[in-house]
Amino acid sequence: MYKERGDFDKAEDVYVKLLDIFPDHPHANYDLGYIYREKKDYNRAMAQYQKALKINPDNAFAHYDLGFIYKEKGYYEKALSEYKKALEIDPSHKYALWDTGKVYEKMGMKERAEEQFKLYHEMTDCSFRRFRNCLD
């Protein structure tokens, strides 16, 4: 409830208390990582996402968010690795596609970046067309 309202300090308190009782709760570990990410406390976010992934290695969102942290810290190879894992688990993870392109762009790999952006646009355009077809 606090997280959804953007009150990340109170949300952090709740999740820390919850994890004191249930330290291996996969969603609580992931959510606490998200809270740290929103607070730009990237080191704690990274540690929390890593813990969440030890509990549930198939969490595409945790792989994506860990990749985001790596990207923000300039660890581009690690970011690409996490985005790849996210896409292996969920090939329709459009944010992982987009951010893969952004990392390639930062690395000066423009052709690889353009490939990722093209895939992203094909996926989102396809989703938009599918949505429009539902309206017709």
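Give me the net charge of A79's neighbourhood, meaning all other residues with Cβ under 14 Å from the Cβ of A79; Lys, Arg count +1, Asp, Glu -1.
Result for the neighbourhood of A79: +3.
Using a Cα distance threshold of under 15 Å, what count of lysine pairs results for the range 50-116 when pairs must be 8 or more residues apart or interchain?
For the range 50-116, the number of qualifying lysine pairs is 14.
Measure nothing but the geometry: give the 0 to 90° angle between the long axis through the Cα atoms of 42-55 and the longest principal axis through the Cα atoms of the chain, rounded to 10°.
90
What percent do you get for the relative contact order of the chain when only Cα pairs under 8 Å and 6+ apart count? Working shown, then result.
Numbers: 148 pairs, mean separation 17.8, N = 136.
Rounded, it is 13 percent for the chain.
Over the chain, one equal point on each Cα, no solvent: what is log10 I(q)/I(0) by the Debye formula at q = 0.17, 0.19, 0.20 Å⁻¹?
-0.92, -1.04, -1.09
Using only Cα atoms and rounding to the nearest 10 degrees, what angle (0 to 90) does helix 76-89 make with the longest principal axis of the chain?
Here the helix axis deviates by roughly 80 degrees.
Between D65, D90, D125, which gets the highest mean-square fluctuation from a Gaussian network model of the chain, Cα cutoff 10 Å?
Maximum among the listed residues: D125.
If you plug each phi of the range 20-29 into the Karplus form 6.51 cos²θ - 1.76 cosθ + 1.60 with θ = phi - 60°, what whole-Hz ³J(HN,Hα) values come out, in order, with x for Gly and Pro?
In residue order, the calculated couplings are 5, 8, 10, x, 9, 6, x, 5, 5, 5 Hz.
Hey, what does the equivalent ellipsoid look like for the range 1-56, semi-axes from the Cα gyration tensor as sqrt of 5 times each eigenvalue, largest first, whole Å?
One finds semi-axes of 17, 13, 8 Å for the range 1-56.
Values quoted throughout were computed directly from the atomic coordinates according to the rules given, and no laboratory measurement underlies them. The structure displayed is predicted, hence computed values, not measured ones. When we count neighbours, we look across all protein chains shown, and the Cβ atoms used for this are built from the backbone with ideal geometry, even at glycine.
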